[in-house]
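As structure tokens, the structure follows; a few thoughts come after it.
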Amino acid sequence: DAGVIQSPRHEVTEMGQEVTLRCKPISGHDYLFWYRQTMMRGLELLIYFNNNVPIDDSGMPEDRFSAKMPNASFSTLKIQPSEPRDSAVYFCASSSHDSLLQFFGPGTRLTVL
Amino acid sequence: AQSVTQLDSQVPVFEEAPVELRCNYSSSVSVYLFWYVQYPNQGLQLLLKYLSGSTLVESINGFEAEFNKSQTSFHLRKPSVHISDTAEYFCAVTGLSGNTPLVFGKGTRLSVIA
């Protein structure tokens, strides 16, 4: 298995632009998690899905952030409009209902200028 | 709700010396515990986990951690570190109610000095 796949690996954009991050979970996994890593706040959950349904989005910073999971093999995290304080590494992770182990993707390093 | 405290943000240690990275957690319910490692510019990799059974768990590369319920700790140890162990180490917890999100500590940067 290729593991969790995220794209792009790096994104540099200007303030006000729309940013879309993508994630492909491990095949057969029915849980998908989006985390954000910053120097100040460490690793924090943004949102997670079970069977493509959002379960908890209380970690989403504000309305500028939205996430979707249209099918079991794809999820997006969108920021519109982006701001410099959104600069961070965004990780996607997936797990299976019969295992507690979360497998992480390589992350997307976002820089908003 | 759970929280995790990693008491040391940075730990420098000489090669072949022992190391201990400390982790304490707080939770009103029983938890599962994990250590993840992050090498520079890479994602998080699971190093070891405590789910149940023996309180001492080991990884394939010589790390071990011991779950201490009375002290709410899950410290990570290695008797002899290598240069290749240089990385950031994260302690994490999750509740027993299923596939719930991980709550991470702030991380400890281990630097192994030749």
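The values are calculated or read from the model by the stated rules, or taken from the named source; none is laboratory data. All of these numbers come straight from a predicted model, not from anything done at the bench. Cβ: placed from backbone, ideal geometry, glycine included. Neighbour counts: every protein chain shown.
Looking across the range A:24-45, the residues that are within 21 Å of A:Gly3 (Cβ to Cβ), within 12 Å of chain B (Cβ to nearest Cβ) and either among the charged types (D, E, K, R) or touching a Leu at 6+ places or on another chain (Cβ under 7 Å) (or both) come down to A:Asp30, A:Phe33, A:Trp34, A:Tyr35, A:Arg36, A:Gln37. Every condition in (1) more than 14 Å from chain A (Cβ to nearest Cβ); (2) without any contact (Cβ under 8 Å) to a residue 60 or more places away in the chain; (3) part of a strand (DSSP E or B) holds for B:Leu48 except the one numbered (1).
Give the residue, chosen from B:Leu96, B:Leu47, B:Leu110, B:Leu56, that is of a type outside the set (D, E, K, R), touching a helix residue (DSSP H, G or I) at 6+ places or on another chain (Cβ under 7 Å) and on the phi < 0 side of the Ramachandran plot. Criteria check complete, one pass: B:Leu110. Would you confirm, using the coordinates I've provided, whether B:Val37 is at pLDDT 95 or above, crowded, with 18+ Cβ neighbours inside 10 Å, within 12 Å of chain A (Cβ to nearest Cβ) and not in a loop (DSSP other than H, G, I, E, B)? Answer is yes for this residue. The strands (runs of 3 or more DSSP E) found wholly in the range A:50-113 and carrying at least 2 residues that are within 14 Å of chain B (Cβ to nearest Cβ), more than 12 Å from the chain's Cα centre (by Cα) and of a type outside the set (A, V, I, L, M) occupy A:53-56.
In the set (1) surrounded by fewer than 16 Cβ atoms within 10 Å (Cβ to Cβ); (2) in contact (Cβ under 8 Å) with a residue 24 or more places away in the chain, A:Met39 fails one condition alone, (2).
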